[in-house]
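Data block below; observations after.
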Amino acid sequence: MSTFTPKKYQELALASVEAYFRTCQQMGSADYAFQETTKALWGRKSDFTPLAGFPEAMPYFCLRVPTGGGKTYLAAKSVALVNNRLLHVEHSVILWLVPSKAIRDQTLAGLRRLDHPYNAALREAGPVTVIDLDEAKALTRSTLETSTVVIVATRQAFQVGDEEIRKVYESSGTLMSLFDDLSDEQRADLLKNGDGNTIPYSLANALRLRRPFIIVDEAHNSRTELAFDTLAKFKPSGVMELTATPDTTRTPSNVLHSVSAVELKREEMIKLPIQLETEPDEQKCLALALDQREQLHVLARREQTAGAPYLRPLVLIQAEPKSSTKETRHAEWVKQELMNNHNIPEAEIVIATGNERGLDALAEEYEGGIFSERCPVKYIITQKALAEGWDCAFAYVLVSMAGVKSATAVEQLLGRILRQPQAVKRKDE
């Protein structure tokens with residue numbers, strides 16, 4: 001079993017969640033409870049913005065945690081608080097939404113692995129069953145009645161779109177037993193088929209019956225990619241958002257607790273300070289990045305000789321999308337630029353985009369993937385993988401060939417290189 005000691009800022013964030021849940025129970029109002037909790041915590045009341053289409057009494061809040069701060073761990077620890085402090089139940093249903101399939105697989109693996117801190121945090125809630133969306137379509141009554149069920153899915157999976165997604169709303173004989181012995185009132189409250197009369201034995205209705213608590217990871221994009229009224233169909237018992245960059249203007253998140261980068265630096269979780277430079281000439285920009293990587297490589301080798309853990313500094317390069325109407329600095333262009341003009345061996349370059357799964361290939365070839373001492377890769381070229389939720393502790397240099405137009409985009413981009421290897425400060429600043 002891996003030993004894991006929560007950081008001080010994580011304990012404070014969880015204490016804020018517990019305080020909010022207690023106040024919600026006492027006051028019966030998510031709005032007033034939020035105002036009173038923030039006043040008690042921070043000395044001033046914060047306004048509460050209810051979600052349109054949801055009951056105003058439903059708890060809805062956000063934890064603002066910078067990249068590298070352990071958002072997944074905080075979410076896992078919160079499940080016991082949901083059961084014990086908010087719902088006062090032995091078992092609940094948690095709908096855990098993530099931004100991509102890659103993050104879904106990563107989250108599932110951590111939550112399921114018995115020796116992982118995520119799993120240990122979850123089990124504070126008692127018996128827990130962690131499943132994906134396909135497995136949820138075969139949920140049994142016994143599973144729901146004997147454990148807290150955590151369903152990890154991409155947030156796009158509940159938008160009515162292609163055939164696979166629509167199965168969430170279609171009747172399934174496997175789920176039929178979950179609808180036995182319902183009262184007339186419960187049946188009247190279920191979603192109907194297109195004819196307006198037939199009630200499907202669907203996963204959507206199974207969730208609606210059990211009023212899941214919803215966790216939204218990397219929540220800053222949910223307002224555009226996932227309409228919250230879709231989630232309202234499940235009559236959730238509460239919504240918790242986790243993000244480094246909450247929306248504070250258009251549809252403001254109710255930020256209950258905000259962790260600063262300084263707190264993470266103090267705990268040796270992230271690399272700071274950040275050195276930022278703008279260089280309009282793409283060839284010179286790449287040359288500067290390559291030179292910086294070589295300098296860091298020399299320091300890393302020197303530290304390793306003195307007994308420090310292995311570290312191979314990586315360069316992340318954000319390429320532009322391909323275009324049929326204009327020339328762009330797309331992934332293949334960047335690769336050829338590195339090979340032809342900077343004499344980088346092809347073996348040291350990997351492309352990780354929607355079409356090219358270079359990192360997956362490394363994971364199959366080397367135990368530990370990109371972190372293996374046998375892995376030769378020093379340069380990762382990608383595009384959307386840099387947008388959110390994907391980071392690499394060995395990444396120290398970030399190059400963006402694409403235009404970055406908003407503060408949120410900049411913060412998310414920089415977040416990809418913030419995580420500290422082994423969460424331990426290196427000897428060389």
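The values are calculated or read from the model by the stated rules, or taken from the named source; none is laboratory data. Note that the coordinates shown come from a computational prediction; the quantities given were computed from them, not determined experimentally. In this analysis, Cβ positions are derived from the backbone assuming ideal geometry, glycine residues included, and neighbour counts consider all displayed protein chains. For accessibility, only protein heavy atoms count, side chains too; no ligands or nucleic acids. Shrake-Rupley method; radii C 1.70, N 1.55, O 1.52, S 1.80 Å.
It is to be established whether one or more residues within segment 41-63 are over 16 Å from residue 20 (Cβ atoms), open to solvent by less than 60 Å² (accessible area, probe 1.4 Å), touching a Ser or Thr at 6+ places or on another chain (Cβ under 8 Å) and among the hydroxyl-bearing types (Ser, Thr, Tyr).
For segment 41-63, residues over 16 Å from residue 20 (Cβ atoms), open to solvent by less than 60 Å² (accessible area, probe 1.4 Å), touching a Ser or Thr at 6+ places or on another chain (Cβ under 8 Å) and among the hydroxyl-bearing types (Ser, Thr, Tyr): absent.
For segment 276-366, which helices (runs of 4 or more DSSP H) that fit wholly inside it have 3 or more residues that are open to solvent by less than 30 Å² (accessible area, probe 1.4 Å) and closer than 30 Å to residue 105 by Cβ? Steps first, answer last, please.
Values: elements: 282-305, 331-342, 358-365.
Ranges flagged: 282-305, 331-342.
Quick check: is even one residue across segment 404-419 open to solvent by less than 20 Å² (accessible area, probe 1.4 Å) and at pLDDT 80 or above?
no
Name the helices (runs of 4 or more DSSP H) wholly within segment 89-168 that hold at least 3 residues that are open to solvent by 70 Å² or more (accessible area, probe 1.4 Å)?
Values: elements: 101-112, 117-122, 133-136, 141-146, 163-166.
Those helices (runs of 4 or more DSSP H) span 101-112, 141-146, 163-166.
Can you list residue pairs whose Cβ atoms sit under 7 Å apart, with the first residue in segment 91-119 being free of Cβ contacts under 8 Å to residues at least 24 places away in the same chain and the second being in a loop (DSSP other than H, G, I, E, B) and of a type in the set (Gly, Ala, Ser)? Count only pairs 6 or more apart in sequence or on different chains.
none
Only residues in segment 14-25 that are without any contact (Cβ under 8 Å) to a residue 24 or more places away in the chain count as the first member; pair them with residues that are in a helix (DSSP H, G or I) and of a type outside the set (Lys, Arg), Cβ under 6 angstrom, at least 6 apart or cross-chain, and list the lot.
From residues that are without any contact (Cβ under 8 Å) to a residue 24 or more places away in the chain, the pairs are 19/37; 23/33; 23/36; 23/37.
Of the numbered conditions (1) in a loop (DSSP other than H, G, I, E, B); (2) over 30 Å from residue 61 (Cα atoms), residue 268 satisfies every one except a single condition; which is it?
Of everything listed in (1) in a loop (DSSP other than H, G, I, E, B); (2) over 30 Å from residue 61 (Cα atoms), residue 268 misses just condition (2).
For segment 215-262, which positions are surrounded by fewer than 20 Cβ atoms within 10 Å (Cβ to Cβ), within 30 Å of residue 193 (Cβ to Cβ) and at pLDDT below 75?
223, 224, 225, 227, 228, 229
Which residue, of 178, 207, is in a helix (DSSP H, G or I), modelled with pLDDT of 90 or more and under 24 Å from the mean Cα position of the chain (by Cα)? Before the answer, list the steps.
Values: 178 fails: under 24 Å from the mean Cα position of the chain (by Cα).
Just a single option satisfies the conditions, and that option is 207.
Residues that are on the phi > 0 side of the Ramachandran plot and modelled with pLDDT of 85 or more: does segment 302-318 have at least one?
yes
A quick yes/no check of all residues on (1) within 21 Å of the chain's Cα centre (by Cα); (2) modelled with pLDDT of 95 or more; (3) of a type in the set (Phe, Trp, Tyr):
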| position | (1), (2), (3) |
| --- | --- |
| 93 | yes, yes, no |
| 97 | yes, no, no |
| 101 | yes, no, no |
| 107 | yes, no, no |
| 122 | yes, yes, no |
| 146 | no, yes, no |
| 151 | yes, yes, no |
| 156 | yes, no, no |
| 169 | no, no, yes |
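I'd like to verify a number: residues in segment 1-40 that are modelled with pLDDT of 90 or more, among the aliphatic types (A, V, I, L, M) and open to solvent by 70 Å² or more (accessible area, probe 1.4 Å), how many?
Of the residues in segment 1-40, 3 are modelled with pLDDT of 90 or more, among the aliphatic types (A, V, I, L, M) and open to solvent by 70 Å² or more (accessible area, probe 1.4 Å).
Considering only residues that are over 17 Å from residue 217 (Cα atoms) and polar (S, T, N, Q), look in segment 67-88 and name the one that is most open to solvent (accessible area, probe 1.4 Å). Reasoning before the result, please.
As a first pass, look at segment 67-88 and keep what is over 17 Å from residue 217 (Cα atoms): 80-81, 83-88.
Next, only the ones that are polar (S, T, N, Q) stay: 83-84.
Details: 83: 1, 84: 76 Å².
Per the criteria, the residue is 84.
Being under 25 Å from the mean Cα position of the chain (by Cα) and surrounded by fewer than 18 Cβ atoms within 10 Å (Cβ to Cβ) is the filter here, so list the residues in segment 372-381 that pass it. First the steps, then the outcome.
Of segment 372-381, the ones under 25 Å from the mean Cα position of the chain (by Cα) are 372, 379-381.
Hit for segment 372-381 is 372, nothing else.
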